[in-house]
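Have a look at the structure below, then the notes.
The values are calculated or read from the model by the stated rules, or taken from the named source; none is laboratory data. The shown structure was predicted, so the numbers you read here are calculated from the model rather than taken from an experiment. As a convention, Cβ positions derive from the backbone with ideal geometry for all residues, glycine included, and neighbour counts pool all protein chains shown.
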Amino acid sequence: MKLLISVANLEEASIVLKNGCDIIDIKNPKEGSLGANHPKVIKEIIKYVDGRIETSATIGDLPYLPGTSSLAGLGAATLGVDYVKAGLYGVINYEDAYTLAKWIVSAVKEYYPKTKVIICGYGDYLSIKSVNLLFLPKIAYKVEADGVLIDLKTKSKNTNIFRYLDPSTIRKIVKEVHEYNMIFALAGGLNITHVNLLKNLNVDVMGVRRGVLHLNNWLYGSISGKKVRELYEKVHADY
């Protein structure tokens, strides 16, 4: 299993890189769970990382605007990230979710075929009136994406993904994603206590931000090098 840690600026990226991580994910938490950061910030972090580990960038909790979203995806790809992550937020039915994902993936792959595109859904999809998570594996496969991420739109101190999804449901989705030969990532209030469970569920990538902050505050907490190091060691330890 790989460890992905979301950062908002170069200072955070430096702390993460020094203490252990497999994928540095660049986002803007103030714009949502998959909020997009400024191209300048993304570019300076990619330059700093200099290929030592993989990088990803989020392009937003997206409304049903396929053209706008496809341009955002392509824009992120031009900056040199390894992964582009797109949140299918403002869609409810299969057809709209498929179209939105298709436009994003095709835009990225036409110009940057080696850049991986990850289609993202939300564990709290019922409360936010978004697309059913069970549709995601098939949609991602049909649009030729590289993987699926499940995160939470609702971020609060005591909430994590398992409040909304039981392990058996996650296992079912993971199994289908793997049958399509794609990668599966899980995020949403995760921390070091969840590592062994995620390994048992065969999750490929564990996504974290709150779990490595000094304070459990999505917007204003700062990243703890000690927590990053401990989590990285746990992720890569035998269990």
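Scanning segment 108-124 for residues that are free of Cβ contacts under 8 Å to residues at least 24 places away in the same chain and either among the basic types (Lys, Arg) or buried (at least 23 other Cβ atoms within 10 Å of the Cβ) (or both) yields one hit, Lys114. Looking only at residues in segment 3-18 that are polar (S, T, N, Q) and under 17 Å from the mean Cα position of the chain (by Cα), which one is nearest to Ala57 (Cα to Cα)? Checked segment 3-18; the qualifying residue nearest to Ala57 (Cα to Cα) is Ser6. Among the residues making up segment 139-152, those that are closer than 15 Å to Ala97 by Cβ and buried (at least 16 other Cβ atoms within 10 Å of the Cβ) are Ile139, Ala140, Tyr141, Val143, Ala145, Val148, Leu149, Ile150.
Filtering segment 136-156 to residues that are in a loop (DSSP other than H, G, I, E, B) and under 17 Å from Gly32 (Cβ atoms) leaves Leu152, Lys153, Thr154, Lys155, Ser156. Within segment 89-109, the set of residues being touching a Phe, Trp or Tyr at 6+ places or on another chain (Cβ under 8 Å) and hydrophobic (A, V, I, L, M, F, W, C) comprises Val91, Ala97, Leu100.
All conditions but one from (1) over 19 Å from Lys27 (Cα atoms); (2) in contact with a Leu (Cβ under 8 Å, 6 or more places away or on another chain) apply to Ile118; the one that does not is (1).
Per the conditions (1) in contact (Cβ under 8 Å) with a residue 12 or more places away in the chain; (2) over 19 Å from Leu34 (Cα atoms); (3) among the acidic types (Asp, Glu), the sole criterion not satisfied by Asp166 is (1).
Restricting segment 141-196 to residues that are among the small types (Gly, Ala, Ser) and over 14 Å from the mean Cα position of the chain (by Cα) leaves a set whose member that is modelled with the lowest pLDDT is Ser156.
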